[in-house]
Amino acid sequence: LLFLVIIILFSGFTVQASLIPDYWIWVYWCNLFAWFLRALVVNEFRSGKYDYPDPNDPSQSQGEAVLRGLGFTLNGEPFTFEWLWYALALAVGVIILSILASVFFLTRFRYETGKALSSDVHTDSEEDTEGDE
């Protein structure tokens with residue numbers, strides 16, 4: 001439960017990245033949920049739907065203004081489309097790493113369950129019918 005609270009709190013949705021203290025910012029950058037949320041927000045507001053000039057600052061688009069307002073910036077500049085590819089690469093990397101770790105641990109460590117792993121074990125009812133023949 002605590003892990004889930006930390007993931008949501010440091011995702012950039014509840015607390016903006018610019019407001020996270022420097023000694024906790026590493027949680028934001030290591031948080032998978034934050035990477036995927038950032039990719040979704042950048043995809044939406046950089047998609048072209050919000051390319052109209054911002055009424056408050058005509059030098060930027062409405063999408064850039066929203067990204068700035070929500071705190072999705074790095075060094076004062078809103079995130080660009082390249083962050084979508086970073087998030088996608090991270091997702092693929094985590095998936096591959098998870099599969100490799102699963103294969104490694106499932107082939108190296110098998111705990112005895114007391115049950116047979118092969119299908120050649122007969123049940124009591126099968127043994128009784130074979131003895132009758």
Would you calculate the separation in nanometres between label points at Leu88 and Trp24, each defined as 7 Å from the Cα along the Cα-to-beta-carbon direction?
3.3
Probe radius 1.4 Å, ligands and nucleic acids ignored: give me the carbon and sulfur share of the accessible area of the range 1-91 as a rounded percent.
68
From the phi angles alone, apply the Karplus equation (6.51, -1.76, 1.60; θ = phi - 60°) to the range 46-60 and give each ³J(HN,Hα) in whole Hz, x where the residue is Gly or Pro.
10, 6, x, 5, 10, 7, 6, x, 6, x, 7, 8, x, 7, 10
Per-residue ³J(HN,Hα) for the range 93-109, Karplus 6.51 cos²θ - 1.76 cosθ + 1.60, θ = phi - 60°, Hz, x for Gly and Pro:
x, 5, 5, 4, 4, 5, 5, 5, 5, 5, 4, 4, 6, 6, 8, 8, 10
Amide H of Gln60 versus every other amide H placed in the peptide plane: which residues, excluding those fewer than 5 positions away on the same chain, fall under 5 Å?
Asp54
Sorted by chain and number, the residues with a modelled amide H under 5 Å from that of Gly71, at a separation of 5 or more or across chains, are none
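The values are calculated or read from the model by the stated rules, or taken from the named source; none is laboratory data. All figures in this text were calculated on a predicted structure; none of them were measured in a lab. For neighbour counting, all protein chains shown are included, and Cβ atoms are generated from backbone atoms with ideal geometry for every residue, glycine included. Note: accessible area is taken over every heavy atom of the protein model, side chains too, but ligands, DNA and RNA are not part of it. Shrake-Rupley method; radii C 1.70, N 1.55, O 1.52, S 1.80 Å.
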